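The values are calculated or read from the model by the stated rules, or taken from the named source; none is laboratory data. The structure presented is a predicted model; accordingly, all values stated were derived computationally and were not measured. Cβ placement follows ideal geometry from the backbone for every residue including glycine, while neighbour counts extend to all protein chains displayed.
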Amino acid sequence: MKISAYFKPQWLPTILTLLAVALFIQLGLWQLRRSAEKQALLDQREKLVQEAEIHLDGKQLSIESLRYRPVMVTGIWDPDHQFLLDNRMHQGKVGYEVLTPLEILGSDRVVMVNRGWVPASPDRRQLPPIKMERRPVTIHGIVDHFPRYGMTLKGMDIPSETWPAVVQQADPKIISQRLGKPVLPYQILMRPDQPEGFVRDWTLSHVKPEKHTAYALQWFSFAAIAFGLWGWHGWKRAGIQKNRA
């Protein structure tokens, strides 16, 4: 028995396969770029947090040169007007991040200090105890943006009427209106060794370059599978010819 075969792909599956393979490769390359961007962000943060501490006096109105920089600021706590940033996760548990206004000494401005994460009660009407004294203090920490969600819904940045005010997304302009004082457009992540704080894990745990690398490998695998299936189906058996002696 003699078996002969030849490669004869059909034009429509060929076009679809080429389009799919090109798409999968582009998606894989995009994920590799995302991985590189995330790694660069981690490297930049690691570098900046090691730099010399900056003294905040209320005149630093932009975050561009301050993000991830260590800072110190002296002021007076405003414990009566704190904000609870809702739906913040820590080790799989939901809770709040506590934002406390600090009235900067020698300035009319306020900077919001993130004192860390506290767990939420099963009864969401019961807020966590975050009381503190109004007193002068010197805070050490690092500067960062206020946390933001990928998708912002209407009303997420509107705090509740009572104090402490619960809000899902902190907007410094709205916080400023609520406090009646100008608020700097960034927060200070209070250093973990300082008192009057809660759980403070300021590592960028959500920034995972290896996750994007894994996604890239998946897309490249899809491209290889699509190409392999196209090749497998392209081989057609020509027929069987029996030769007898």
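What to note about this one:
- When K47 is tested against (1) assigned to a loop (DSSP other than H, G, I, E, B); (2) surrounded by fewer than 11 Cβ atoms within 10 Å (Cβ to Cβ), only condition (1) is not met.
Each row is one residue, and each column tells you yes or no for (1) surrounded by fewer than 17 Cβ atoms within 10 Å (Cβ to Cβ); (2) under 22 Å from E196 (Cβ atoms).
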{"residue": "E64", "(1), (2)": "yes, no"}
{"residue": "D86", "(1), (2)": "no, yes"}
{"residue": "E97", "(1), (2)": "no, yes"}
{"residue": "W117", "(1), (2)": "no, yes"}
{"residue": "P128", "(1), (2)": "yes, yes"}
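- Test: residue in region 99-117 that is in contact with a His (Cβ under 8 Å, 6 or more places away or on another chain) and either over 21 Å from P185 (Cβ atoms) or assigned to a loop (DSSP other than H, G, I, E, B) (or both): yes
- Criterion: surrounded by 14 or more Cβ atoms within 10 Å (Cβ to Cβ) and not hydrophobic (A, V, I, L, M, F, W, C) - qualifying residue of G141, G92: G141
- Counting the residues of region 148-168 that are buried (at least 16 other Cβ atoms within 10 Å of the Cβ), in contact (Cβ under 8 Å) with a residue 60 or more places away in the chain and touching an Asp or Glu at 6+ places or on another chain (Cβ under 8 Å) gives 3.
- Looking only at region 71-127, and only at residues there that are in contact (Cβ under 8 Å) with a residue 60 or more places away in the chain and of a type in the set (S, T, Y), the one that is farthest from H55 (Cα to Cα): Y96
- Residue satisfying all of: in region 206-245; β-branched (V, I, T) and closer than 30 Å to L41 by Cβ; modelled with the lowest pLDDT among these: V207
- Of residues in region 137-171 being part of a strand (DSSP E or B) and aliphatic (A, V, I, L, M), the one nearest to L105 (Cα to Cα): V137
- Residue that is surrounded by the fewest Cβ atoms within 10 Å (Cβ to Cβ), among those in region 172-193 that are in a helix (DSSP H, G or I) and of a type in the set (A, V, I, L, M): I174
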